[in-house]
Amino acid sequence: MARTPHAPSSAREHLASPVFPAQPATGGSPEGRPEADTAIAIRDLDHVYDSNGQATVALKEIGFDVPAGRFVSIVGPSGCGKSSLLMMLAGLLQPSRGEILVAGAPIPRPDPARVGVVFQDASLFPWLSAQRNVEFPLFLRGVDKKSRRERAREALALVGLEAFAESLPHELSGGMKQRVSIARGLVQDPPILLMDEPFAALDEQTRMVMGDELLRIWDRTRKTIVFVTHGLSEAIYLSDKVIVLSGRPGRILDIVSVDLPRPRNLQMMGQARFAEMRESIWNMIRS
Amino acid sequence: MSRVRALSAYLAVAAALLLLWEAAPSAGWVDPRLLPPASAVLATLWEMMMTAVFWRHVGQTLAETATAFAIAVPLGVVVGILVAESKFASATFKPLIFFVFSIPKSIFLPVFILVLGIAFWQKVAFGVFSTIFIVIMTTFAAVESVREDQLRVARSFDASARQKMLYVYIPAMTPILLEAVRLAMIFNFTGILLAEMYASRAGIGNVIGVWGQGFQLPELLAMVIFVSVLAILFNETVRYVEAKCEHWRN
């Protein structure tokens, strides 16, 4: 993959940098690229937790693969364990049983260089500017000041917020805060990005804009993205595959391949194929 | 209302009150033995500030106050954090601390005098006693204000316990801890002045008590003005620092 020089001439190259090398843009599905290794592999995963002395089965017999560079959503009713599953992929929670391999290795503790996490609440530190918030993971790692600043700037540029580097979180809108949170998750250039209902707290319009933003970022960086959401339309629109979980205990009902062409556009949401997929997933969840 | 207008209005009211204080005793509306005119009080204050005796008393009180403050605040914050962070300690000690806080501390003063005498360290001890509970309780609130989701973010970046303490807890707690500092000084200063007024050989509280009994109103009121200015200065300094944090604290 060619690394573009630092002084960009075009809008696309502007987003390329040593930290985020521009991937060749693909007009269609990622089939054309040589398939890299499996980013995420889950086998025989069960999870039971203790609630007031009673054992509750949260997840049952979960197993799937996510090839590198794909965008996968996980949907399911409330309480189906999809957020817990994401926490396990992030190393924030250990499953009762089963195997998780992230980028080929287990993940017993958080590893931000391997897995970036974006939560529903942007959770930016209100006492730090956007720039400093994005620098934070690098700061924890002891990266020197100059490198931190540079890499954080690039991450902010990637999400389109370079002009707001010095703004404090309370000066930013919900969508902007979430974008800073995404920049922060990406600043160490992890191959995998996990997102737990990141747009749920945003109004519908912002959500749609952010969805397209996310696809643009994904297109540039070709990370593996696992996206948990309640929104079926959102899941279908964004993803290559949609993993459908049942209500508690969460088990996989189906993995739906979204065969819509890329780049996606909002008109696709009005097409029959889209509605069919949405309805079939909805029926699965409902029953 | 614009800031300039608000400030002008505020100064106008202050000036009016000052004029009233000058006029009322001079005109005989108030007994000038009980409330000397402002000019007399301010003149007395000016003269007192020229004497070494004045500064000896002030120095004594300030030394006691500063010492008690330096003990009570760090100790209170540490105890507050330790108790708040431990489920067991929280369940056991929080109710006790709340109960003791609601007892007026002044009733313990005779006990302090019996046990510790009336010298410097007794007053410091009483100051600490008066202050530490509010510091501990405010620290509880500060710990609670650290948001769980921010800690989760730190965890997701694999922050160590030390890093979480330094880079999440302390910045998050700072606004409320500043509040604790402000409240602590109020309780502290009050406690020490009370101890001095009750039984002490020196100090601001002591001389205020002597002047009160001797009907020396100009001196007494002059000292009241002086103490008020000190208290306001301290308060406003802390509030200024707090205001710096205020802009990001919702």
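The values are calculated or read from the model by the stated rules, or taken from the named source; none is laboratory data. In this text, all values refer to a predicted model and were calculated from it rather than measured experimentally. Here the Cβ positions follow ideal geometry from the backbone for every residue, glycine too, while neighbour counts run over all protein chains shown.
Per the conditions (1) more than 14 Å from every other protein chain (Cβ to nearest Cβ); (2) on the phi > 0 side of the Ramachandran plot; (3) in contact with a Pro (Cβ under 8 Å, 6 or more places away or on another chain), the sole criterion not satisfied by B:D158 is (1). Name the residues in the stretch A:231-265 that are touching a residue at least 60 places away in the same chain (Cβ under 8 Å), within 19 Å of A:E213 (Cβ to Cβ) and among the charged types (D, E, K, R), would you? Matches in the stretch A:231-265: A:E234, A:D240, A:R262.
What are the residues in the stretch A:147-178 that are farther than 23 Å from A:T221 by Cα and more than 8 Å from chain B (Cβ to nearest Cβ), if any?
Looking only at the stretch A:147-178, we keep the residues that are farther than 23 Å from A:T221 by Cα, and these are A:166-174.
Result: A:E166, A:S167, A:E171, A:L172, A:S173, A:G174.
Here the strands (runs of 3 or more DSSP E) wholly within the stretch A:193-287 that include at least 1 residues being over 18 Å from the mean Cα position of the chain (by Cα) are A:252-257. For the structure I just gave you, tell me whether B:T174 is polar (S, T, N, Q) and either closer than 24 Å to A:H170 by Cα or not in a helix (DSSP H, G or I) (or both). Taking the combined requirement at face value, the residue satisfies it. B:S160 passes every criterion in (1) surrounded by fewer than 15 Cβ atoms within 10 Å (Cβ to Cβ); (2) at pLDDT 95 or above apart from (2). With a requirement of 1 or more residues that are surrounded by fewer than 18 Cβ atoms within 10 Å (Cβ to Cβ), the strands (runs of 3 or more DSSP E) lying completely within the stretch A:36-141 that satisfy it span A:38-51, A:54-67, A:97-102.
Determine whether the stretch B:217-240 contains at least one residue that is more than 28 Å from B:H57 (Cα to Cα) and within 14 Å of chain A (Cβ to nearest Cβ). For the stretch B:217-240, residues more than 28 Å from B:H57 (Cα to Cα) and within 14 Å of chain A (Cβ to nearest Cβ): absent. Among the residues making up the stretch B:1-48, those that are closer than 18 Å to B:L217 by Cβ, out of contact with any Pro (no Cβ under 7 Å at 6 or more places or on another chain), among the aliphatic types (A, V, I, L, M) and not in a helix (DSSP H, G or I) are B:V30, B:L34. Any residue in the stretch A:207-218 that is in contact with a strand residue (DSSP E or B) (Cβ under 7 Å, 6 or more places away or on another chain) and either of a type in the set (S, T, N, Q) or free of Cβ contacts under 8 Å to residues at least 40 places away in the same chain (or both)? No, that holds for no residue.
Of all residues in the stretch A:23-60, which are aliphatic (A, V, I, L, M) and at pLDDT 50 or above? If the condition is that a residue be aliphatic (A, V, I, L, M) and at pLDDT 50 or above, then A:A36, A:A39, A:I40, A:A41, A:I42, A:L45, A:V48, A:A55, A:V57, A:A58, A:L59 are the ones that fit. Within the stretch B:158-166, does at least one residue satisfy the condition of being over 19 Å from B:S86 (Cα atoms), more than 17 Å from the chain's Cα centre (by Cα), among the hydrophobic types (A, V, I, L, M, F, W, C) and assigned to a loop (DSSP other than H, G, I, E, B)? Yes, because at least one residue in the stretch B:158-166 is over 19 Å from B:S86 (Cα atoms), more than 17 Å from the chain's Cα centre (by Cα), among the hydrophobic types (A, V, I, L, M, F, W, C) and assigned to a loop (DSSP other than H, G, I, E, B).
Summed over the stretch B:53-90, residues that are more than 20 Å from B:F187 (Cβ to Cβ) and touching a Leu at 6+ places or on another chain (Cβ under 8 Å) total 1.
Step by step: first the residues of the stretch B:80-135, then only those that are hydroxyl-bearing (S, T, Y) and in a helix (DSSP H, G or I), then the one that is surrounded by the fewest Cβ atoms within 10 Å (Cβ to Cβ). Which residue is that?
B:S102
Filtered by the rule that a residue be of a type in the set (S, T, N, Q) and not in a helix (DSSP H, G or I), the stretch A:160-180 gives A:S167, A:S173. Residues in the stretch B:141-155 that are among the β-branched types (V, I, T), more than 10 Å from chain A (Cβ to nearest Cβ) and part of a helix (DSSP H, G or I): B:V143 only.
Mind checking which residues of the stretch A:132-172 are in contact with a Leu (Cβ under 7 Å, 6 or more places away or on another chain) and over 25 Å from A:L89 (Cβ atoms)? Across the stretch A:132-172, the qualifying residues are A:R148, A:A157, A:E162, A:F164, A:A165, A:P169. Restricting A:S84, A:S78, A:S96 to residues that are over 16 Å from A:I192 (Cα atoms) and within 14 Å of chain B (Cβ to nearest Cβ) narrows the list to A:S84. You will find that of B:A40, B:A14, B:A68, B:A91, the residue that is at pLDDT 95 or above and either assigned by TED's automatic domain parsing to the domain that holds B:S145 or under 26 Å from the mean Cα position of the chain (by Cα) (or both) is B:A68 and no other. Residues that are more than 15 Å from the chain's Cα centre (by Cα), closer than 19 Å to A:V187 by Cβ and more than 8 Å from every other protein chain (Cβ to nearest Cβ) within the stretch A:108-127 comprise just one, A:L124. Could you tell me whether the stretch B:213-224 includes any residue that is outside any loop (DSSP other than H, G, I, E, B), among the small types (G, A, S), touching a Phe, Trp or Tyr at 6+ places or on another chain (Cβ under 9 Å) and assigned by TED's automatic domain parsing to the domain that holds B:G117? The answer is yes, given that some residue of the stretch B:213-224 is outside any loop (DSSP other than H, G, I, E, B), among the small types (G, A, S), touching a Phe, Trp or Tyr at 6+ places or on another chain (Cβ under 9 Å) and assigned by TED's automatic domain parsing to the domain that holds B:G117.
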